[in-house]
Amino acid sequence: MSGTTKNYSRYLYAIPYASWMLLFVIAPIILIFYYSFFDIEGHLTLDNYKRFLTPVYLRMTISSFWYAFLITAFSLLIAYPTAYLLTKTKHKQLWLLLIILPTWVNLLLKVYAFLGIFGTYGLVNAFFETIGIGTKQLLFTDFSFVFVSVYIFIPFMILPIFNALEKLNPSLVDAAQDLGASSWTTFRRVIFPLTLDGVKAGCQAVFIPSLSLFMITRLIAGNRVITLGTAVEQHFLVTQDWGMGATIAVFLIIAMALIMIVTGNRKWGVKQ
Amino acid sequence: MNDRVIIRFEHVTKQYDDDPPVLDDVSFEMERGKFYTLLGPSGCGKTTILRLIAGFIEPTKGNIYFNGKLMNGVPANKRQVNTVFQDYALFPHLNVFENVAFGLRIKNLDKKTIETKVREALRFVNLEGYENREIHEMSGGQRQRVAIARAIVNEPEVLLLDEPLSALDLKLRTEMQYELRELQRRLGITFIFVTHDQEEALAMSDEIFVLNKGKIEQRGTPKDIYDEPINRFVADFIGESNIIPGKMLADFSVEFAGKQFECVDHGFEPNEPVDIVIRPEDLEITTREQGKLQVRVDSILFRGVHYELCCYDDNGNEWLVHSTKKAEVGEEIGLYFEPEAIHVMRRVETKENRGGER
């Protein structure tokens with residue numbers, strides 16, 4: 001008897017979480033699927049999917065993936081050495097806090113700050129003037145878009161890599177060197193493979209959100225970069241074509257799920 | 001210089017910041033093909049010596065020579081030594097074969113040579129057929145063997161072992177002691193074994209270095225160290241012993257516990273204050289009349305192989321006796337011992353007595 005009551009109470013505790021998942025995760029996904037089968041007049045149709053497979057949207061998809069890839073790659077290139085240095089510093093927790101701190105500031109505020117910094121009369125151009133390069137168009141370029149995105153996402157890349165490096169047993173590094181490995185070989189054959197899970201987690205945390213970026217594309221890239229995220233926003237808010245917006249969202253969800261599966265942590269047969 | 005010498009430490013000091021030195025002006029030589037043990041309590045500097053030889057750390061002062069060549073500044077990956085780590089430090093993302101092959105792959109040996117050498121190394125440690133196992137599928141004792149195979153496959157001239165048996169249970173530990181000793185004989189290379197376990201050190205070594213507070217207290221064969229400890233610290237650390245203050249009256253004559261005894265030690269100043277060591281197993285229980293010392297049994301403990309008796313003499317000195325004979329608590333007994341059982345040690349110079357007695 002008591003066993004079954006215990007089981008019941010266990011289910012009771014799951015109610016808040018389960019209802020949250022149902023209301024805010026599962027229901028919206030079902031709704032998105034549902035809307036994707038209606039055109040702008042409310043007729044049931046598959047036209048949205050046909051439209052998605054036209055060059056306009058395919059180009060948008062490729063561009064989304066390309067920019068998400070660039071953002072992830074640059075974040076990783078900066079974050080890994082940073083995380084590595086971080087594990088070697090004396091005041092780890094302080095440095096870590098300084099890296100996390102910007103994530104507490106609202107995304108929009110940070111983006112607006114960059115408008116000021118990169119603007120024609122901004123800090124960077126003022127500096128260019130004084131060293132004689134002259135004012136450059138920085139805003140509304142691919143460069144500024146990727147730069148700001150990398151800046152925003154970098155803490156999410158550093159954290160998992162830092163954690164993975166911290167967990168790494170230092171005697172494994174000693175062992176590799178003891179067996180004749182140079183610093184580079186030690187990194188390539190021991191440190192990197194053993195922190196790969198952290199790298200994967202970081203890449204997920206950066207790649208997936210950057211696929212559907214829309215705020216930064218508008219403000220920093222001036223809609224010169226049109227990603228799937230921008231398209232979803234435009235369809236829902238401007239053209240009011242919810243069906244098409246939902247269809248793009250369906251593709252985004254599928255793409256994200258695929259990425260999760262491919263980069264997921266497959267701990268083959270680890271029993272401990 | 002003796003060409004049998006493989007490792008030489010010359011006034012080596014290792015100090016971190018302003019802390020007291022971990023290793024304090026240590027000099028010694030080690031010969032090739034011998035089994036050395038660095039023995040001491042934690043923090044005595046034994047692991048520091050190992051890490052200095054391996055090249056993970058550099059000495060603050062002094063020189064380290066390997067085969068007569070100065071090793072200062074030579075990184076770990078360029079040294080002809082390999083280490084078996086305390087936690088084995090096996091690579092969890094590689095299987096047994098790849099762990100053992102790690103060092104060979106770095107040397108860019110061809111596939112066939114690697115295959116042959118790895119199999120040979122695994123056969124050496126009785127792990128044939130385990131090549132494709134993952135590390136987490138191996139037991140503690142097996143991991144230990146993989147770690148040894150991974151080190152010896154590189155054919156080092158010196159194998160460093162950092163408390164490799166401490167994680168194993170008692171039975172396995174005893175087995176591995178035999179195996180390690182046997183392995184060293186078969187390979188014929190120098191083993192430097194670090195431990196805080198004196199029984200392990202006595203069982204395995206050709207020579208033991210007893211360390212304390214960054215200094216070598218005594219070096220010698222296990223028998224030397226056990227029978228003739230140089231001071232109170234060594235006597236206390238190597239096995240249980242009775243350490244009693246005494247006075248050297250003349251050569252071959254010593255006074256302790258209020259009596260005069262014949263002994264085999266000589267070369268002390270007349271009336272020099274000394275410490276006397278008598279091992280518990282060298283004391284024999286007899287009648288009060290036949291004993292050289294008269295004591296009262298205070299407590300008795302059955303230890304399996306023998307009884308451990310705790311006795312007090314009339315002067316209040318405690319005597320630990322290991323005997324297969326049983327006595328009753330409160331019983332007055334005699335203790336008999338040969339003159340050879342008495343080990344006389346010079347008093348250790350400590351901060352407290354320095355200058356006071358002179």
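List, largest first, the extents of the alpha carbons of the protein assembly as shown along their principal axes, each in whole Å.
119, 79, 57
Please check the range B:83-130 for residues whose accessible area, probe 1.4 Å, is lower by 10 Å² or more when all protein chains are in place than in their chain alone.
When all protein chains are present, B:Thr83, B:Phe85, B:Asp87, B:Ala89, B:Phe91, B:Pro92, B:His93, B:Phe102, B:Gly103, B:Arg105, B:Ile106 each give up 10 Å² or more of accessible surface.
Hey, got a sec? Which chymotrypsin sites (Phe, Trp or Tyr not before Pro) in the range B:1-87 land in a DSSP loop and have at most 15 other Cβ atoms within 10 Å?
Of the chymotrypsin sites (Phe, Trp or Tyr not before Pro), the ones in loops of the range B:1-87 whose Cβ has at most 15 other Cβ atoms within 10 Å are B:Tyr16.
Report ³J(HN,Hα) in whole Hz for each residue of the range B:299-308, in order, from the Karplus equation J = 6.51 cos²θ - 1.76 cosθ + 1.60 where θ = phi - 60°; Gly and Pro get x.
7, 9, 10, 8, 10, x, 6, 8, 8, 10
What ³J(HN,Hα) values, in whole Hz, does the Karplus curve 6.51 cos²θ - 1.76 cosθ + 1.60 give for the range B:50-58 when θ = phi - 60°, with x put for Gly and Pro?
Each residue of the range B:50-58 in turn: 4, 5, 5, 5, 5, x, 6, 9, 10 Hz.
Tell me the GluC sites (Glu not before Pro) within the range B:265-329 that lie in a loop according to DSSP and have at most 14 other beta-carbon atoms within 10 Å.
Counting only loop positions with at most 14 other Cβ atoms within 10 Å, the GluC sites (Glu not before Pro) in the range B:265-329 are B:Glu289, B:Glu328.
Over the range B:244-346, what is the relative contact order in whole percent, taking alpha-carbon pairs under 8 Å and six or more residues apart?
Reported relative contact order: 31 percent.
For a quick check: with amide H placed at 1.01 Å from N, whose amide H comes under 5 Å from B:Val158's, ignoring anything fewer than 5 positions away on the same chain?
B:Asn82
With a 1.4 Å probe on protein heavy atoms only, work out how much accessible surface A and B bury together, total over both chains, in Å² to the nearest 100.
Chains A and B together bury approximately 1900 Å².
In the range B:244-346, with Lys and Arg counted as +1 and Asp and Glu as -1 at Cβ, which of these residues, B:Val254, B:Val321, B:Gly291, has the Cα nearest the positive end of the dipole, that is, farthest along it?
Of the options given, the answer is B:Val321.
Counting only heavy atoms of protein chains, what accessible area per residue, in Å², does the range B:5-227 have with a probe of 1.4 Å?
43 Å²
Output the 0 to 90 degree angle, nearest 10, between the alpha-carbon long axis of helix B:96-106 and the longest principal axis computed from the alpha carbons of chain B.
Approximately 70 degrees, to the nearest 10.
If R₀ is 45 angstrom, what is the calculated FRET efficiency for the pair A:Phe24 and B:Ser299, using the beta carbon separation as r and rounding to 0.05?
0.05
From largest accessible area down, sort B:Asp87, A:Asp241; use a 1.4 Å probe on the protein chains.
Listed by decreasing accessible area, they come as B:Asp87, A:Asp241.
Sequence gap at least 6, Cα distance under 8 Å: using those rules, report the relative contact order of chain B to the nearest whole percent.
Relative contact order, chain B: 15 percent.
Please sort by residue number the chymotrypsin sites (Phe, Trp or Tyr not before Pro) in the range A:51-143 whose DSSP state is loop and whose Cβ has at most 12 other Cβ atoms within 10 Å.
When the chymotrypsin sites (Phe, Trp or Tyr not before Pro) of the range A:51-143 are filtered for loop state and at most 12 Cβ neighbours within 10 Å, A:Tyr121 remain.
In debye to the nearest 20, how big a dipole does chain B give about its Cα centre with +1 on each Lys and Arg Cβ and -1 on each Asp and Glu Cβ?
Approximately 1840 debye in magnitude.
How large is the translational diffusion coefficient of chain B in µm² per second when you combine the Kirkwood radius over alpha carbon pairs with Stokes-Einstein at 37 °C and 0.692 mPa s?
Stokes-Einstein gives a translational diffusion coefficient of 142 µm²/s.
Which one of B:Ile64, B:Tyr336, B:Ile300 is farthest out on the positive end of the charge dipole of chain B, using unit charges on Cβ (Lys, Arg +1; Asp, Glu -1) and the Cα centre as origin?
The one lying farthest along the dipole's positive direction is B:Ile64.
Enumerate the amide H contacts of B:Arg288 below 5 Å, restricted to partners 5 or more residues apart or on another chain; note that Pro and chain-start residues carry no placed amide H.
Here the answer is B:Gly334, since their amide H atoms fall under 5 Å of that of B:Arg288.
Through the Karplus equation 6.51 cos²θ - 1.76 cosθ + 1.60, θ set to phi - 60°, convert the phi angles of the range B:230-243 into ³J(HN,Hα) values in whole Hz; use x for Gly and Pro.
7, 8, 4, 4, 5, 4, 5, 6, 8, x, 7, 8, 9, 10
Any chance you could look up the accessible area of B:Lys247 with a 1.4 Å probe, heavy atoms only, rounded to 10 Å²?
80 Å²
Given a 1.4 angstrom probe, what's the average accessible area per residue across the range B:244-346, in square angstrom?
For the range B:244-346, the solvent-accessible area averages 51 Å² per residue.
Helix check for chain A. Which DSSP H runs span at least 15 Å along their own axis by Cα, with a mean Kyte-Doolittle hydropathy no less than 0.0?
For chain A, where a helix must reach 15 Å along its axis and average at least 0.0, the hits are A:55-88, A:107-118, A:142-167, A:196-211, A:242-263.
When the accessible area of chain A is split by element with a 1.4 Å probe, what percent falls to carbon and sulfur?
With neighbouring chains kept in place, the figure for chain A is 72 percent.
In Å², and per residue, what accessible area does chain A have when probed at 1.4 Å with the other protein chains present?
Ligands and nucleic acids excluded, the figure is 59 Å² per residue.
Taking a probe of 1.4 angstrom, what is the accessible area of A:Tyr35 in Å², to the nearest 10?
Ignoring ligands and nucleic acids, A:Tyr35 comes out at about 80 Å².
With all protein chains present, how much of the accessible area of the range B:244-346 (probe radius 1.4 Å) comes from carbon and sulfur, to the nearest whole percent?
Using a 1.4 Å probe with all protein chains present, the range B:244-346 comes out at 48 percent carbon and sulfur.
If amide H atoms are built 1.01 Å from N in the plane of the peptide, which residues on other chains or at least 5 residues away come under 5 Å of the amide H of B:Phe193?
Correct list: B:Tyr36, B:Thr37, B:Leu38, B:Leu161.
Just the number, please: percent antiparallel of the DSSP beta bridges in the protein assembly as shown, rounded to the nearest 5.
Given both bridge residues lie in the protein assembly as shown, the antiparallel proportion sits at roughly 75 percent.
How many angstrom separate the Cα center of the range A:131-177 from the Cα center of the range B:201-267?
Taking the Cα centre of each part, the range A:131-177 and the range B:201-267 sit 62 Å apart.
How big is the range B:141-276 along each principal axis, measuring the range of its Cα positions in Å and listing the largest first?
Projected onto the principal axes, the Cα atoms of the range B:141-276 cover 58, 29, 26 Å.
Normalised radius of gyration for the range A:19-268, please: alpha carbon Rg relative to 2.2 N^0.38 Å, two decimal places.
Rg over 2.2 N^0.38 Å, computed on Cα atoms: 1.21.
The values are calculated or read from the model by the stated rules, or taken from the named source; none is laboratory data. None of these values were measured; they are calculated from a predicted model. Heads up, the Cβs are rebuilt from the backbone with ideal geometry, glycines too, and the neighbour counts pull from every protein chain shown. All accessible areas refer to the heavy atoms of the entire protein, side chains included, with ligands and DNA or RNA removed. Shrake-Rupley method; radii C 1.70, N 1.55, O 1.52, S 1.80 Å.
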